[in-house]
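The values are calculated or read from the model by the stated rules, or taken from the named source; none is laboratory data. Everything quoted here is computed from the prediction, not taken from an experiment. Note that each Cβ is placed from the backbone with ideal geometry, even for glycine, and that neighbours are counted across all protein chains shown.
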Amino acid sequence: MEKVITILGRKQPYFNTVTSDTALNDALHKMNCENIRYLIVMDGDRFLGLLSEHDIFSKTMMKQLPLERMTVGQIMKTGIPIVDSEETVENCLKMMQLFKVHHLPVFDDFRFCGVVSSDDILQEAMQHRKDIFDEESDRLFSISD
């Protein structure tokens, strides 16, 4: 299967980022305008964490915290498992399942390269579905003939 760096090469080179001191309302507005599910939290070139819709909902809405007084840094997810740019897509999927996450930050040495999501992996599988699925169905059909 493909390497993570191949998936990142197909994605837009633009990162949707915020800083940790960004107001949560502003981050939500940006997510809504860009029609995205997560933001990358950066301090200059340094990766700090991720802010996802799920994080916002589970940490503010369910606890009825005031959005207008919260910052991204109070809600963002840190301590996320990271992957190397040469990691296989299959291993990324295993890591996502193991740690119950939908996004993995990708690094090349210590340089942040981007984020691979479970949606990215699903798209990768769909692009290679002939290699993955059709081979199995071809084998099944040849047995029944």
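Selection over region 1-18 of residues that are of a type outside the set (D, E, K, R), at pLDDT below 90 and part of a loop (DSSP other than H, G, I, E, B) gives a count of 5.
Being modelled with pLDDT under 95 and under 21 Å from F110 (Cβ atoms) is a property that G49 lacks. Taking the criterion of being among the hydrophobic types (A, V, I, L, M, F, W, C) and more than 10 Å from E124 (Cβ to Cβ), the residues of region 1-18 that qualify are I5, L8, F15, V18.
Of the residues in region 124-144, not one is closer than 30 Å to D21 by Cα, surrounded by 16 or more Cβ atoms within 10 Å (Cβ to Cβ) and at pLDDT 80 or above.
Taking the criterion of being more than 24 Å from I121 (Cα to Cα) and not in a helix (DSSP H, G or I), the residues of region 19-55 that qualify are T19, S20, D21, T22, A23, D43, G44, D45, R46.
So which residues in region 63-79 are buried (at least 16 other Cβ atoms within 10 Å of the Cβ), more than 12 Å from A27 (Cβ to Cβ) and hydrophobic (A, V, I, L, M, F, W, C), if there are any at all?
First pass over region 63-79, keeping only residues buried (at least 16 other Cβ atoms within 10 Å of the Cβ): 70-73, 75-77.
From what is left, the residues that are more than 12 Å from A27 (Cβ to Cβ) are 77.
Those that are buried (at least 16 other Cβ atoms within 10 Å of the Cβ), more than 12 Å from A27 (Cβ to Cβ) and hydrophobic (A, V, I, L, M, F, W, C): none in region 63-79.
State whether the residues of region 66-78 include one that is part of a helix (DSSP H, G or I), of a type in the set (G, A, S) and either touching a residue at least 40 places away in the same chain (Cβ under 8 Å) or touching a Gly at 6+ places or on another chain (Cβ under 7 Å) (or both). Yes, the conditions are met somewhere in region 66-78.
Going through (1) under 24 Å from N25 (Cα atoms); (2) at pLDDT below 95; (3) not in a helix (DSSP H, G or I) one by one, V116 falls short only on (1). For region 19-75, the set of residues classified as under 18 Å from the mean Cα position of the chain (by Cα) and β-branched (V, I, T) consists of T19, I36, I40, V41, I56, V72, I75, listed by residue number.
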